[in-house]
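S.K.: One structure, pasted below without further comment.
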Amino acid sequence: MDCIFCKIVSGEIPCFKVYEDENALAFLDVAPCADGHTMVIPKKHAGAFVEMTPEEAGNLFEAVNKVSVRLMDKLENVTGLTIGANTYASAGQTVMHTHIHIFPRCEGDGGGTTHSIVNSAVSKDPEYLKKISELLTSENENV
C-alpha cells in the first residue's frame, strides 16, 4: 500500500511519536498549525472515519482522549484544545487514512472555533431542522 500513514505505522517512515497502543499511533504533525499539533491515527488502514466500525472508532477516540490529557498536562500555556477530522476530499482530507488532529490552544492564539470552518447559507427554520432530525433518526431508533 502506498499510504504515508501506513508507512509511518510500519516504521518505514520515521515520526515524532507521542503515544502508541495496539490500535493507534499519535505523532507530531510535520507541518504544525500550533505547538504540539498532534495527529492520532488508527494502525489499521481506514480511508476515512466513516469507514471505520464503531469499535475501531471507539479505540481511536480512546487514544485521542489519552493524548489530549497528555498535551494539556505537559505543554506550557495550553488552556484548551481543538480536536477535529476532515472526512473525504470535499471536507479537506488530503491523506486518505483516517486521522484526528489535536491542536493545543492558548488564550489569544488567533485560531478560530470549529464553527469558523464552514459558514454556508443554511436554513435555521425550526421546521427544516425538525425534518432533518426526523430523516436522520427514522431508520435508527437507538439515537
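No lab work stands behind these numbers, since they all come straight from the coordinates. Keep in mind it's a predicted model, so treat the numbers as computed, not measured. FYI the Cβ positions are ideal-geometry reconstructions off the backbone, even for glycines, and counts take in every protein chain you see.
S.K.: Helix 54-74 against the longest principal axis of the chain: what's the angle in degrees, Cα atoms only, rounded to the nearest 10?
M.R.: Long axis of 54-74 versus the principal axis of the chain: about 60 degrees.
S.K.: Let me ask something else about it. Local charge sum around residue 79 (other residues, Cβ-Cβ under 15 Å, Lys/Arg +1, Asp/Glu -1)?
M.R.: Its environment carries a net charge of -3.
S.K.: How charged is the neighbourhood of residue 93? Take every other residue with its Cβ under 15 Å from the Cβ of residue 93, and add Lys/Arg as +1 and Asp/Glu as -1.
M.R.: Result for the local shell: -2.
S.K.: Under the rule of -39500 (n - 2.57) per DSSP H run of 4 or more residues, summed and divided by the residues of the chain, what mean residue ellipticity at 222 nm is obtained, to the nearest 500 deg cm²/dmol?
M.R.: Mean residue ellipticity, 222 nm, calculated: -9000 deg cm²/dmol.
S.K.: Using mean Cβ contacts within 10 Å as the protection proxy, how do 7-20, 26-39, 96-109 order, highest first?
M.R.: The peptides rank, most packed first, as 96-109, 26-39, 7-20.
S.K.: Related question: Please work out which option in (i) 22, 19, 17; (ii) 28, 14, 13; (iii) 29, 21, 15 gives semi-axes √(5λ) of the Cα gyration tensor in Å calculated from these coordinates, and answer with its label.
M.R.: Comparing each candidate, only (iii) matches the computed number.
S.K.: Name the lysines eligible as straight-distance cross-link partners of residue 66: C-alpha to C-alpha under 18 Å, and not fewer than 8 places from it in the same chain.
M.R.: Here the lysines satisfying the reach criterion relative to residue 66 are 17, 43, 74.
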